[in-house]
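Student: First the structure, which I've put down as structure tokens, then a few questions once you've had a look.
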């Protein structure tokens, strides 16, 4: 069977974990069902006066271990199935890293690149007002994701606060520093992917110094991952964006400066262009898919020459692709581990907002490394002891903790 959708991928992974944990069918029914789904119509008055309607979503997959937590996407291809799948992955991710959250996800099916600044603000505020009844610092805490950033979070926080009658900085994370944001949040996901890469290289017996890396995706995750890894002495040999990829650049700073002007990395002086599929098949030590879902499939996985795949994106590998990578001896650091740096530092931001006491950048980084390293060791140890993949180990750990929480809380009434 070919699986090419995030929800099918997520459910297949969950089913495997449930079977390995020998959980009951009752557990499966509970774990495979989202707690709350809200679909809303989001009207937008364009700058020319025309009113357009967009679909918006907020899925709270689980609230068993605490308030739900997850990003908000502005992307034309999002739908309810993808949003449910991503909220499910966030649930296991938070449990894997011992964060007191359930998983959530949300967004609007809109191409953010087509919006003016004023239109983006109006859309963000209207979407926030539509999901207002189910979000809050003790209920559900949104954060930036694909197509959104700290500016959107500032508008969301203000919209919620205006309705509450007082400032509520803890309603979202990923905010600007002056509004209660945390130092280190912007780079957190990339920093986490970089740390996961270093530990995976060590697990494979490869010296990180000079190790070669290809990164598919040059957005918030891919760029900051590249910056962190280059600073650690690794060699970034290729990067790509939605247009395509390039190799042959001197440094990440050089290719980033070009992309800021050109809007893409393709065409940078002295570089050789390639497709997004070709970048997957480069002969490198590490491949980091950091774009959107389903880039490594049954059709593309066989040509991957990298010894390690570190998933910067959410659900970039289908079960068919995963099976091929495993049979070829490729070590895959799964998304719920590799890209958990963002939600970890979002948790720090939420804690700081609740306490009205803020940490230094060094404290944030030290605590991020501590939490992520604990999770990496747990996953590596479990994988070795049970002779399973890192993905299977990560899912077993995350799913088992949510299942245990369900059992301990019981079923009301």
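The values are calculated or read from the model by the stated rules, or taken from the named source; none is laboratory data. All of these numbers come straight from a predicted model, not from anything done at the bench. Reconstructed Cβ throughout: ideal geometry from the backbone, glycine too, with neighbour counts over all protein chains shown.
Student: Among (1) in contact (Cβ under 8 Å) with a residue 24 or more places away in the chain; (2) assigned to a helix (DSSP H, G or I); (3) closer than 29 Å to residue 153 by Cα, where does residue 358 come up short?
Tutor: So residue 358 meets the others, but not (2).
Student: A further question on this structure: As an exercise: evaluate residue 144 against (1) in contact with a helix residue (DSSP H, G or I) (Cβ under 7 Å, 6 or more places away or on another chain); (2) surrounded by fewer than 23 Cβ atoms within 10 Å (Cβ to Cβ); (3) at negative phi and give the number of the one condition it does not meet.
Tutor: Every condition holds for residue 144 apart from (2).
Student: To continue, here is another question. Give the residues of the stretch 209-226 that are surrounded by fewer than 23 Cβ atoms within 10 Å (Cβ to Cβ), in contact (Cβ under 8 Å) with a residue 60 or more places away in the chain and more than 27 Å from residue 76 (Cβ to Cβ), sorted by residue number.
Tutor: Going through the stretch 209-226, the residues surrounded by fewer than 23 Cβ atoms within 10 Å (Cβ to Cβ) turn out to be 209-212, 219-220, 223.
Subset that is in contact (Cβ under 8 Å) with a residue 60 or more places away in the chain: 211-212, 219-220.
Within the stretch 209-226, 211, 212 meet the criteria.
Student: Return yes when residue 377 is touching a helix residue (DSSP H, G or I) at 6+ places or on another chain (Cβ under 6 Å), modelled with pLDDT of 95 or more and part of a helix (DSSP H, G or I) and no when it is not.
Tutor: Numbers: touching a helix residue (DSSP H, G or I) at 6+ places or on another chain (Cβ under 6 Å): no; modelled with pLDDT of 95 or more: yes; part of a helix (DSSP H, G or I): yes.
Considered against the rule, which asks whether it is touching a helix residue (DSSP H, G or I) at 6+ places or on another chain (Cβ under 6 Å), modelled with pLDDT of 95 or more and part of a helix (DSSP H, G or I), residue 377 comes out as no.
Student: Then there's this: Which residues, counting only those in the stretch 61-71, are assigned to a strand (DSSP E or B) and in contact with a helix residue (DSSP H, G or I) (Cβ under 7 Å, 6 or more places away or on another chain)?
Tutor: Once the filter is applied, which keeps residues that are assigned to a strand (DSSP E or B) and in contact with a helix residue (DSSP H, G or I) (Cβ under 7 Å, 6 or more places away or on another chain), the stretch 61-71 yields 69, 70.
Student: Can you find a residue in the stretch 183-197 that is more than 30 Å from residue 140 (Cβ to Cβ) and buried (at least 20 other Cβ atoms within 10 Å of the Cβ)?
Tutor: For the stretch 183-197, residues more than 30 Å from residue 140 (Cβ to Cβ) and buried (at least 20 other Cβ atoms within 10 Å of the Cβ): present.
Student: Still on this model: With 349, 320 as the choices, which residue is in a helix (DSSP H, G or I), assigned by TED's automatic domain parsing to the domain that holds residue 195 and in contact (Cβ under 8 Å) with a residue 40 or more places away in the chain?
Tutor: Criteria check complete, one pass: 320.
Student: Tally time: how many residues in the stretch 68-93 are more than 21 Å from residue 44 (Cβ to Cβ), in contact with a strand residue (DSSP E or B) (Cβ under 6 Å, 6 or more places away or on another chain) and touching a residue at least 60 places away in the same chain (Cβ under 8 Å)?
Tutor: Going through the stretch 68-93 one residue at a time, the tally reaches 7.
Student: Can you say whether residue 142 is outside any loop (DSSP other than H, G, I, E, B) and closer than 17 Å to residue 344 by Cα, as far as the supplied structure shows?
Tutor: yes
Student: Regarding residue 345, is this residue surrounded by 21 or more Cβ atoms within 10 Å (Cβ to Cβ) and touching a strand residue (DSSP E or B) at 6+ places or on another chain (Cβ under 6 Å)?
Tutor: No; evaluated as a whole, the condition is false for this residue.
Student: Looking at 302, 312, 329 in this structure, which one is under 22 Å from the mean Cα position of the chain (by Cα) and either part of a loop (DSSP other than H, G, I, E, B) or on the phi < 0 side of the Ramachandran plot (or both)?
Tutor: One residue alone meets the criteria, 312.
Student: So, one more: If I ask for residues that are over 14 Å from residue 282 (Cβ atoms) and buried (at least 24 other Cβ atoms within 10 Å of the Cβ), which ones from the stretch 227-245 would you list? Outline the logic, then answer.
Tutor: Initial filter on the stretch 227-245 (over 14 Å from residue 282 (Cβ atoms)): 227-234, 241-243.
Within the stretch 227-245, 229 is the sole residue that qualifies.
Student: On to the next question. Name the residues in the stretch 6-49 that are modelled with pLDDT of 95 or more, in contact with a strand residue (DSSP E or B) (Cβ under 9 Å, 6 or more places away or on another chain) and outside any strand (DSSP E or B), would you?
Tutor: Across the stretch 6-49, the qualifying residues are 34, 35, 46.
Student: Pairs only if they're at least six apart or on different chains, beta carbon under 7 angstrom, first in the stretch 30-47 and free of Cβ contacts under 8 Å to residues at least 60 places away in the same chain, second surrounded by fewer than 16 Cβ atoms within 10 Å (Cβ to Cβ); list them, first residue then second.
Tutor: What qualifies is 39/55; 39/80.
Student: Could you check the stretch 276-293 and list, in sequence order, the residues that are within 26 Å of residue 86 (Cβ to Cβ), touching a strand residue (DSSP E or B) at 6+ places or on another chain (Cβ under 8 Å) and surrounded by fewer than 20 Cβ atoms within 10 Å (Cβ to Cβ)?
Tutor: The initial filter retains those residues of the stretch 276-293 that are within 26 Å of residue 86 (Cβ to Cβ), namely 276-277, 279-280, 286-293.
Keeping just the survivors that are touching a strand residue (DSSP E or B) at 6+ places or on another chain (Cβ under 8 Å) gives 276, 279-280, 286-291.
Within the stretch 276-293, 276 is the sole residue that qualifies.
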